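Quick notes on the structure that follows.
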Amino acid sequence: MRRISPDTKLIIRDFLWIIPLVIYESLGTIYYFLPPLFGFFTAVLVANKRTRYLPLILVYLLFYEADHRYLMFGSWIFLFLFFRFIVPLMEDYIISRGVVLFLTVLISYVGLYCFVSLIYFAFGVEALSFSWLFVYYVFIETILALVFL
């Protein structure tokens, strides 16, 4: 009987992506025109049925939260709620792959902003200001999702 074990080369290759992503995220805090890829990675999870890339994306989100003054593990909680309640609705009622990817990116940014603002309001912390860069990020990351997914 053969034991099923994970392919270590595949695991190492996946985790080697963390280094360029951390560098990209650091550059994204300096250069505002580089999108933070939060919506794109949420679309990756939706397109791949939340399996393979989840640990890599969760590690990336820790750096994303630290760089953008979000509450620690807030994006994890938001992703849990997003995949628990919103993704099943999108899978049931929307057939077009492009529309699902666009809505995933859009809801990721708007939902995370609202979720973090609600948490900040509950704790009496100064709320984040809305920026038109969110629209730019949604546009760029939707194009990335449509091209690469």
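The values are calculated or read from the model by the stated rules, or taken from the named source; none is laboratory data. A quick note: this is a predicted structure, and the numbers were derived from the prediction, not measured. With ideal geometry, Cβ positions are generated from the backbone for all residues, glycine too; neighbour counts draw on all protein chains shown.
Restricting attention to region 115-142 and to residues that are hydrophobic (A, V, I, L, M, F, W, C), closer than 19 Å to A43 by Cβ and more than 15 Å from the chain's Cα centre (by Cα), the residue that is modelled with the highest pLDDT turns out to be V135. Looking only at region 129-147, residues that are out of contact with any helix residue (DSSP H, G or I) (no Cβ under 8 Å at 6 or more places or on another chain) and not aliphatic (A, V, I, L, M) come to 5 in all. Filtering region 60-79 for residues that are of a type outside the set (G, A, S), more than 23 Å from P20 (Cα to Cα) and without any contact (Cβ under 8 Å) to a residue 24 or more places away in the chain leaves an empty set. Remark: pairs (first residue in region 80-106, of a type in the set (D, E, K, R); second residue not in a helix (DSSP H, G or I); Cβ separation under 9 Å; 6+ apart in sequence or on different chains) = R97/L149. The test for being within 15 Å of the chain's Cα centre (by Cα), surrounded by 12 or more Cβ atoms within 10 Å (Cβ to Cβ), at pLDDT below 85 and under 30 Å from E126 (Cα atoms) holds for Y70.
Take the residues in region 11-49 that are crowded, with 20+ Cβ neighbours inside 10 Å and outside any helix (DSSP H, G or I), then tell me which one is nearest to the chain's Cα centre (by Cα). By that ranking, first place goes to L37.
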